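Chemist: What follows is a single structure, and I will ask about it in a moment.
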Amino acid sequence: SSPPAHANADWTIDQDWAAYSDSEHDVWDTLFARQSEMLPGRASSAFLNGLDILQLSKPGIPDFAELNQILMDATGWEVVAVPGLVPDDIFFEHLANRRFVSGNFIRKPDQLDYLQEPDIFHDVFGHVPMLADQRFADYMAAYGRGGLRALKFGTLEQLARLYWYTVEFGLIQESEGLRIYGAGIVSSYGESVFALDDDSPNRIMFDLERVLRTQYRIDDYQQNYFVIPSLDELLRVTVETDFKPVYDHISDMPEISIAEIVKGDVVLNMGTQEYANSKTGQATII
Ligand code: HBI
Ligand code: FE
């Protein structure tokens, strides 16, 4: 498909920051206050550092020109405005070139908890703080390059699961405890609590092949979350792995459904806060 008439060939548009109304800035401030209050002790240190470095606590919707001065210096990334969802090839091309696309619109006051397309609060509050971390910044650019390859191989469905279970809904094991870093969680009031505290979902140690085989749900909180041991490890695994042989290897394996535990999974026991092999029960040191 081709970009709307007011957009550039790469689907970017002017953020037009001066056009936001007072009530739109108020929606940002309301969402910001609610999320930032609960995130200490829940969000990863990388995310909280990013909020701080990027000065996102300033009132009102961030002005990308200002934000980009800091972000560029930190990791070489910039945020560009788009009208909404963009085609996959355009999305990956931007990521590979260290441009994160953000919707320039904000949800209405009666949609604080639910919206269909990612708005500026999800995109900027949820995603951009992590892009101030060098390891995550490099991971996202590598993901963009991987996306362009996946389009050629016809394996976008598999690769999109990696984005879903890390960038959108990832958990990280820090020395102080389990933390959230996925944008879909940190930008959601309900899921920020559910993902860490609720007894029902599984928290499974990240395994690349396992994640690429796992379906996901877009209609409700996740039932399976994947836990990375560190951002260094996430970056290492993804840049050191040639995904083509992995796609080939899993092509005739069954997909894994949204709430399933399979042989080999290392799962967090919420009672003991220890990880154990799901079948043998043997404890795992991480
Ligand atoms: N466009 N604006 C926008 N934001 C996204 O997160 C996005 C997109 N287009 C495609 C896309 N995501 C997905 O197809 C990829 O995650 C695979
Ligand atoms: Fe997102």
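The values are calculated or read from the model by the stated rules, or taken from the named source; none is laboratory data. Remember, predicted model here, so these are calculated numbers, not experimental data. Cβ sites come from the backbone with ideal geometry, for glycine too, and all protein chains shown count toward neighbours. Each accessible area value is taken on the protein alone, full model and side chains, heavy atoms only, with ligands, DNA and RNA left out. Shrake-Rupley method; radii C 1.70, N 1.55, O 1.52, S 1.80 Å.
Chemist: State the answer as a single residue: which of L115, V186, T272 lies farthest towards the positive end of the charge dipole of the chain, with beta carbon charges of +1 for Lys and Arg and -1 for Asp and Glu, about the Cα centre.
Modeler: T272
Chemist: Let me understand the range 90-141 better: what is its radius of gyration from the alpha carbons, and its Dmax, in angstrom?
Modeler: That works out to 12.5, 36 Å for Rg and Dmax.
Chemist: Taking only the alpha carbons of the chain, what extent do you get along each of the three principal axes, in Å, biggest first?
Modeler: 59, 42, 34
Chemist: Lysines within cross-link reach of K58: Cα-Cα under 23 Å, excluding same-chain residues under 8 positions apart?
Modeler: K108
Chemist: For Cα pairs less than 8 Å apart in space and 6+ apart in sequence, what is the mean separation divided by the residue count of the chain, i.e. the relative contact order in percent?
Modeler: Computed over the chain, the figure is 16 percent.
Chemist: To continue, here is another question. With only Lys, Arg, Asp and Glu charged, each at its Cβ (+1 for the first two, -1 for the last two), find how big the charge dipole of the chain is about the Cα centre; round to the nearest 20 debye.
Modeler: Numbers: 21 positive and 45 negative charges, 152 e Å.
Dipole magnitude for the chain comes out near 720 debye.
Chemist: Next up: Report the equivalent ellipsoid semi-axes for the range 47-197 in whole Å, largest first, defined as the square roots of five times the eigenvalues of the gyration tensor built from alpha carbon atoms.
Modeler: So the three semi-axes of the range 47-197 are 22, 19, 17 Å.
Chemist: If I model a spin label at E66 and A259 as a point 7 Å from the Cα along the Cα→Cβ vector, what separation in nanometres do I get?
Modeler: 4.5
Chemist: May I pose another question? With the other protein chains left in place, how much accessible area per residue, in square angstrom, belongs to the range 128-177 at a 1.4 angstrom probe?
Modeler: That works out to 34 Å² per residue.
Chemist: Rounded if a/c is under 1.5, else prolate if a/b beats b/c, else oblate: with a ≥ b ≥ c from the C-alpha gyration tensor eigenvalues square-rooted, which is the range 48-114?
Modeler: Oblate.
Chemist: Rounded to the nearest 500 deg cm²/dmol, what is the calculated helix-only ellipticity per residue at 222 nm for the chain, with -39500 (n - 2.57) per DSSP H run of length n ≥ 4?
Modeler: -11500 deg cm²/dmol
Chemist: Tell me, which longest segment in the chain has none of the GluC sites (Glu not before Pro) that fall in DSSP loops with at most 16 further Cβ atoms within 10 Å?
Modeler: 1-175
Chemist: If you roll a 1.4 Å probe over the range 17-285 with all protein chains in place, what percent of the accessible area is carbon or sulfur?
Modeler: Whole-percent figure for carbon plus sulfur exposure: 49.
Chemist: Roughly how much of S251 is accessible, in Å² to the nearest 10, using a 1.4 Å probe?
Modeler: 90
Chemist: Order V262, V239, most accessible first, counting only protein heavy atoms with a 1.4 angstrom probe. Spell out each step's value before the answer.
Modeler: Working: V262 30, V239 80 Å².
Ranked list, largest accessible area first: V239, V262.
Chemist: Can you list the aspartates and glutamates whose alpha carbon is less than 15 Å from that of K152, not counting same-chain residues fewer than 8 positions off?
Modeler: Hits, sequence-local ones excluded: D88, D89, E93, D242, D248.
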